[in-house]
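These notes concern the structure reproduced below.
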């Protein structure tokens, strides 16, 4: 039996989603809670990996094992409330076909990066947004984002040392908006390279702070040179916002 779980979590206390020996992770915490409930070993397969300190409003994973056939899946979220810490929540659970794959059946994923753009920090956004005191022009940031949109080789905005078969990805939408003192960057794509969203966001910040012209993004991508793109912004502002399946 295979279930698809939709979960949310605040990643501040965890060393990312993926299980790591000796470290507290989202997957490890969730797996213990599920195995304590079902009383059997289970296999969890996530839709992605998130780094230490990164959050998820929607993260999807499958659970496989000797599950209770007579328990409706929709009752599982409530059963997990007392077994999980307050920074992880199971939002829904549905039964899926055994051929379904939480990662390979994803059509696209959407991330948001939150920037607290104000002269002073705000304690209520600590570990929830990156503080940037320099005024940012969202018009320039959107102009820069336009050059990222579409199908490109994104080697210039991938963390150095990453090993992948291809660095070509397609970005479906990329924009930013201001809500009060928050600047919210949103991007959706068929897939992302390691640290790609945080590096692209750092490049948009350069454009918004008038350190580079928006058109420079085209040259950065064509260079395939990581050193020409912006800095990798800290993890606390990054949210996996939405996962859409085929």
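Nothing in this text is a laboratory measurement; each read-out follows from the coordinates by a stated rule. Just so it is clear, the structure is predicted and the values come from calculations on it, not from any experiment. Reconstructed Cβ throughout: ideal geometry from the backbone, glycine too, with neighbour counts over all protein chains shown.
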Discussion item. For residue 57, project a label point 7 Å along Cα to C-beta. Then give me every residue of segment 1-41 with its amide nitrogen under 20 Å of that point.
Written reply: 5-13, 17
Worksheet item: How large is the helix-only mean residue ellipticity at 222 nm for the chain, computed as the sum of -39500 (n - 2.57) over DSSP H runs with n ≥ 4, divided by its residue count, in deg cm²/dmol to the nearest 500?
Response: -6000 deg cm²/dmol
Item to complete: Multiply the residue gap between residue 122 and residue 246 by 0.36 nm, knock off their C-alpha separation, and tell me the result in nm, one decimal place.
Response: 40.7 nm
Worksheet entry | Extended-chain gain in nm, criterion 0.36 nm per residue less alpha-carbon gap, residue 219 and residue 134 | 28.1 nm
Worksheet item: What's the angle, to the nearest 10 degrees (0 to 90), between helix 26-38's Cα axis and the longest principal axis of the chain?
Response: 10
Discussion item. Please rank 64, 110, fewest neighbouring Cβ atoms within 10 Å first, as an exposure proxy.
Written reply: 64, 110
Worksheet item: Can you give the extra length, in nm with one decimal, that the chain gains between residue 105 and residue 13 once fully stretched, where that is 0.36 nm per residue apart less the Cα-Cα distance?
Response: 30.2 nm
Item to complete: Select one label from (i) 14.0; (ii) 11.6; (iii) 19.5: the one whose number is mean projected area of the Cα convex hull in nm² as derived from the coordinates shown.
Response: (i)
Worksheet item: What's log10 of I(q)/I(0) for segment 108-245 at q = 0.18 Å⁻¹, Debye sum over Cα points only, no solvent?
Response: -0.97
Worksheet item: Relative to the first principal axis of the alpha-carbon coordinates of the chain, what is the inclination of helix 138-148, with its axis defined by its Cα atoms, in degrees from 0 to 90 and to the nearest 10?
Response: 70
Discussion item. Quick check: from the Cα gyration tensor, does segment 168-246 come out rounded (a/c under 1.5), prolate or oblate?
Written reply: oblate
Response to the item:
Packing-ranked peptide list from 9-21, 193-205, 153-165, highest mean Cβ count within 10 angstrom first, is 193-205, 9-21, 153-165
Discussion item. Between 0 and 90 degrees, rounded to the nearest ten: what's the tilt of helix 196-208 against the longest Cα principal axis of the chain?
Written reply: 30
